[in-house]
Amino acid sequence: MTLVLPPRLTASAEAVRDAARRRGLRTVQLPTFAVPDGLRAAHLHAGPGFADAVAPALGIALLQAPADWLARLPRAFTRRRIDAVPIQEAYALRRPAFVKSPNDKGIRALVYTDGSRLPGSDEVDPRTPVLVSDVVEFTDEYRLHLLDGAVHTGSRYAEGGRLSLGPLPDGAAAFAEELLAECGATLPSAVVVDVGRVGGRWAVIEANAAWASGVYTADPDRALDVVLRAAGPATALTARDRPFVRVPEGRTTAAD
């Protein structure tokens with residue numbers, strides 16, 4: 001099997017690459033977003049732009065949470081109001097809100113004082129989906145790599161809004177298990193979910209595609225397990241995961 005990597009590697013990507021090599025996988029780091037003739041690969045680990053350019057040509061299916069997943073979670077898991085709307089609706093906001101793109105970084109994740117501060121229609125398609133959230137402050141934040149309805153590995157990545165690497169506490173894992181028990185069917189079999197504490201209570205921060213997520217201080221070998229499932233051969237897709245396949249912008253599914 002071959003794991004494809006993008007032109008530039010983060011420290012996390014290097015850790016995933018090294019884990020793949022220890023497992024006996026071949027790794028190929030492409031110099032550009034173009035797929036060389038004759039290249040065959042079953043997996044990748046990269047950001048959305050590279051993945052969208054490369055995965056279709058290689059027959060790799062990219063798994064991710066639905067764009068409105070966070071907005072559809074019960075309030076008991078989010079501890080805040082979250083709406084999934086086209087950005088043209090967010091322009092009407094007249095209050096501070098945290099706004100971000102659901103599954104990539106197209107709309108910069110920030111607290112916007114009101115809707116007029118968002119990128120305008122001259123920069124983005126008015127139909128572009130965004131998540132609009134109440135502004136809350138997470139005291140500590142953790143990344144969990146989930147596989148087949150269980151926490152596979154994870155680590156702390158922030159405290160007080162600043163990078164702070166550390167171990168995954170039992171409380172974070174237990175909260176994730178509660179989330180999976182109630183809402184696991186709404187996520188692909190391999191995904192990353194970030195959680196944290198707001199006012200002393202656990203809350204979901206967001207879901208991220210495992211193939212595009214940093215591992216921080218999580219076990220890279222176990223994180224690789226999640227990456228390989230989250231970005232693997234389309235021919236190996238299960239019926240359970242088929243609804244969670246990412247469709248690159250500008251493409252349509254067969255049902256469209």
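The values are calculated or read from the model by the stated rules, or taken from the named source; none is laboratory data. Everything numeric in this text was worked out from a predicted model, so none of it was measured. Counting neighbours? That spans all protein chains shown, and the Cβs are built from the backbone with ideal geometry, glycine included.
Count of region 15-71 residues, restricted to those that are in contact with a Lys or Arg (Cβ under 6 Å, 6 or more places away or on another chain) and surrounded by fewer than 19 Cβ atoms within 10 Å (Cβ to Cβ), is 1.
Just one residue in the set 163, 131, 179 is in contact with a helix residue (DSSP H, G or I) (Cβ under 7 Å, 6 or more places away or on another chain) and in a strand (DSSP E or B); that residue is 131.
Among what's in region 1-37 and is assigned to a loop (DSSP other than H, G, I, E, B) and under 19 Å from residue 234 (Cβ atoms), pick the residue that is modelled with the lowest pLDDT. Applying the filter and picking the extreme gives 1. Among the residues making up region 39-58, those that are within 14 Å of residue 228 (Cα to Cα) and assigned to a loop (DSSP other than H, G, I, E, B) are 41, 42, 45, 46. Any idea which of (1) on the phi < 0 side of the Ramachandran plot; (2) in contact with a Leu (Cβ under 7 Å, 6 or more places away or on another chain); (3) not β-branched (Val, Ile, Thr) is the one residue 149 doesn't satisfy? Failed condition: (1). If you go through region 139-153 one residue at a time, do you hit one that is free of Cβ contacts under 8 Å to residues at least 60 places away in the same chain, assigned to a helix (DSSP H, G or I) and charged (D, E, K, R)? No, region 139-153 has no match at all.
Matching residues to (1) buried (at least 17 other Cβ atoms within 10 Å of the Cβ); (2) out of contact with any strand residue (DSSP E or B) (no Cβ under 7 Å at 6 or more places or on another chain); (3) assigned to a helix (DSSP H, G or I):
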{"position": "155", "(1), (2), (3)": "yes, no, no"}
{"position": "168", "(1), (2), (3)": "yes, no, no"}
{"position": "194", "(1), (2), (3)": "yes, no, no"}
{"position": "206", "(1), (2), (3)": "yes, no, no"}
{"position": "225", "(1), (2), (3)": "yes, no, yes"}
{"position": "243", "(1), (2), (3)": "no, yes, yes"}
